[in-house]
Amino acid sequence: MVKLGIQLGAGMRLRGDFEGLVDCRGGSIDRSIFWDREIYDAELQRIFARCWIFLAHESQIQNPGDFVTTYMGEDAVIVCRRKGGAIGAFLNSCTHRGNRVCLADYGNARRFVCNYHGWAFGLGGELLAVPEQQAYADERSLFDQTTLGLKAVAQVDSYKGLVFGTFDPNAPPLTEYLGAFTYYLDVLLDAEEGGTEVLGGCLKALMSCNWKLPAENFTGDAYHVQWTHQAGASAMISQRQFAYDLDRSYAANVNGHGSEFGLDGVANVAVLGHPEIVKYFRQRRATVAARLGELRAQMWGSVSSANVFPSLSFLSGVNTLRTWIPRGPHTTELRTWVIANKAMPDEIKELLRTATPRAFSPSGVLEMDDGENWELSTRAMAGVATRKERLHYGMGLHTRIDHPQLPGNVYQGQLSDANQLAFYQKWADLMSSPGPFERQDHMVAP
Ligand code: FES
Ligand code: FE
């Protein structure tokens, strides 16, 4: 008997095969994970259909009917504020013939009407009405309106304004998934009273790179900053050489989420090129210290980067929030927003709204530096001889420390591959066990 169901492609890998692609002790990664279609297809099932994926910022969907459309892996979803105030998410694909139900990036709707035959769905995804319903009159046993709503995302939850969803009904709660990494997230989300909001719209770009390259860059790659961004940073702020202070900087990771950061308080902010913003951060430092403690007040605005596994990244101080959406093994869609504390004065918000994209956006000075490198790294994997070789991830692995305040696996100094390896260890762990759509109960016999 042939069983149908969602499976990996031909030559399906078995549990354990993926673990050999990532060698955390030896500090090396198999290049095939950045190129092979089979591995990419497995990522969609075992990572993007299982992890908590960033969906929206609550400030984008404040009122009933407000919605945004986004992706969880390659699954298009609608994220919507319902009438009672709850946030729901459901597949953006009609249950009739699969057409995209909502074509807009964001907006406010009373219902979502499919463009093909006019089926109409409510703010919770339920099927409200279909044209010519009498044509189904003799098909009562087949046409059950209550079962034909848009498929809901299994779990949706928020952490301090960031909305996440997972397709896995058995995934651990969001707070457990984030774990102690909230200590680092709060530098972005909770530095001032009132939380955060997104300023302006979303900037999008397609990059010819594998999604893991930007994600691993943000999780821990301070190493590239001095070299990759030297010209751009000089043009934007000064000719002064950026220097690492390994005594006053760290890398830390929790559950595959990672952040690297210094403690100078202003280096990221200075990149924006506005003394007014630097002054604001300096003036507010004592207030932030009272809220988050002295150590995190020093992290606020310092050279830093962070990634929530798998694909949500941010820079505190530069105030960019972004997600890396996979569009195939060699293409990534970047979606980026400017995020600000609600308590910031309007003039600072306006400066951030215009200054942040000049550094980090599809046309941003520093973003273009990075994008070219990630595209060239990906393209190099096309070669069959090149792809057989492994990549080196052996920097700073001996620098692990116990820190009295910093949670997670902590490393002294920003120059380290430790967070990147933690990212890939999480990747390998997930890739080595079946995802929610590979279970027996999702398979059907003909
Ligand atoms: Fe949506 Fe037919 S495909 S109504
Ligand atoms: Fe960079």
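Only one entry in TYR280, TYR250 is buried (at least 21 other Cβ atoms within 10 Å of the Cβ), aromatic (Phe, Trp, Tyr) and not in a loop (DSSP other than H, G, I, E, B), namely TYR250.
One residue stands out in segment 256-277 among those that are over 16 Å from MET344 (Cα atoms) and among the acidic types (Asp, Glu): the one that is least open to solvent (accessible area, probe 1.4 Å), namely GLU260. Within segment 417-434, the only residue that satisfies the criterion of being assigned to a loop (DSSP other than H, G, I, E, B) and at pLDDT 95 or above is ASP417.
For TRP300, indicate whether it is under 23 Å from the mean Cα position of the chain (by Cα) and at negative phi. Spelling it out, TRP300 is indeed under 23 Å from the mean Cα position of the chain (by Cα) and at negative phi.
When you look at HIS442, is it more than 30 Å from ILE339 (Cβ to Cβ), open to solvent by 40 Å² or more (accessible area, probe 1.4 Å) and either modelled with pLDDT under 90 or among the aromatic types (Phe, Trp, Tyr) (or both), yes or no? For HIS442, the condition - more than 30 Å from ILE339 (Cβ to Cβ), open to solvent by 40 Å² or more (accessible area, probe 1.4 Å) and either modelled with pLDDT under 90 or among the aromatic types (Phe, Trp, Tyr) (or both) - is met.
When LEU406 is tested against (1) in a loop (DSSP other than H, G, I, E, B); (2) at pLDDT below 95, only condition (2) is not met. For segment 381-401, filtered to residues that are among the aliphatic types (A, V, I, L, M) and part of a helix (DSSP H, G or I), the residue that is most open to solvent (accessible area, probe 1.4 Å) is VAL384. For GLU58, the conditions (1) surrounded by 15 or more Cβ atoms within 10 Å (Cβ to Cβ); (2) within 16 Å of ligand 1 (Cβ to nearest atom) are fulfilled apart from (2). Scan segment 127-142 and tell me whether some residue there is open to solvent by less than 40 Å² (accessible area, probe 1.4 Å), away from ligand 1 (no atom under 11 Å from the Cβ) and touching a Ser or Thr at 6+ places or on another chain (Cβ under 8 Å). No, segment 127-142 contains no residue that is open to solvent by less than 40 Å² (accessible area, probe 1.4 Å), away from ligand 1 (no atom under 11 Å from the Cβ) and touching a Ser or Thr at 6+ places or on another chain (Cβ under 8 Å). Does segment 92-104 hold any residues that are in contact with a strand residue (DSSP E or B) (Cβ under 6 Å, 6 or more places away or on another chain) and more than 8 Å from ligand 1 (Cβ to nearest atom), and which are they? If the condition is that a residue be in contact with a strand residue (DSSP E or B) (Cβ under 6 Å, 6 or more places away or on another chain) and more than 8 Å from ligand 1 (Cβ to nearest atom), then ASN92, CYS102 are the ones that fit. Among the residues here, ARG46 does not qualify as within 17 Å of SER432 (Cβ to Cβ), out of contact with any His (no Cβ under 6 Å at 6 or more places or on another chain) and open to solvent by 50 Å² or more (accessible area, probe 1.4 Å). Looking across segment 308-335, the residues that are of a type in the set (S, T, N, Q) and either touching a helix residue (DSSP H, G or I) at 6+ places or on another chain (Cβ under 8 Å) or without any contact (Cβ under 8 Å) to a residue 40 or more places away in the chain (or both) come down to SER311, SER313, SER316, ASN319, THR320, THR332. Residues of segment 69-87 that are under 28 Å from ALA340 (Cα atoms) and open to solvent by 10 Å² or more (accessible area, probe 1.4 Å): THR69, THR70, TYR71, ALA76, ARG81, ARG82, LYS83, GLY84, GLY85, ALA86, ILE87.
Of ARG358, ARG353, ARG379, all but one fail to be out of contact with any His (no Cβ under 7 Å at 6 or more places or on another chain), farther than 25 Å from GLN283 by Cα and either of a type outside the set (Gly, Ala, Ser) or without any contact (Cβ under 8 Å) to a residue 60 or more places away in the chain (or both); the exception is ARG379.
For segment 402-415, taking the residues that are touching a residue at least 40 places away in the same chain (Cβ under 8 Å) and over 25 Å from the mean Cα position of the chain (by Cα), the one that is most open to solvent (accessible area, probe 1.4 Å) is identified as GLN405.
Checked against (1) surrounded by fewer than 17 Cβ atoms within 10 Å (Cβ to Cβ); (2) touching a strand residue (DSSP E or B) at 6+ places or on another chain (Cβ under 9 Å), ALA152 meets all criteria but (1). Scanning segment 114-126 for residues that are surrounded by 16 or more Cβ atoms within 10 Å (Cβ to Cβ) and near ligand 1 (Cβ under 10 Å from one of its atoms) yields CYS114, TRP119, ALA120, PHE121.
The values are calculated or read from the model by the stated rules, or taken from the named source; none is laboratory data. These numbers come from a predicted model, not from an experiment. Here the Cβ is made from the backbone with ideal geometry for all residues, glycine too, and neighbour counts use every protein chain on show. Heads up: the accessible areas ignore ligands, DNA and RNA and are worked out on the full protein's heavy atoms, side chains in. Shrake-Rupley method; radii C 1.70, N 1.55, O 1.52, S 1.80 Å.
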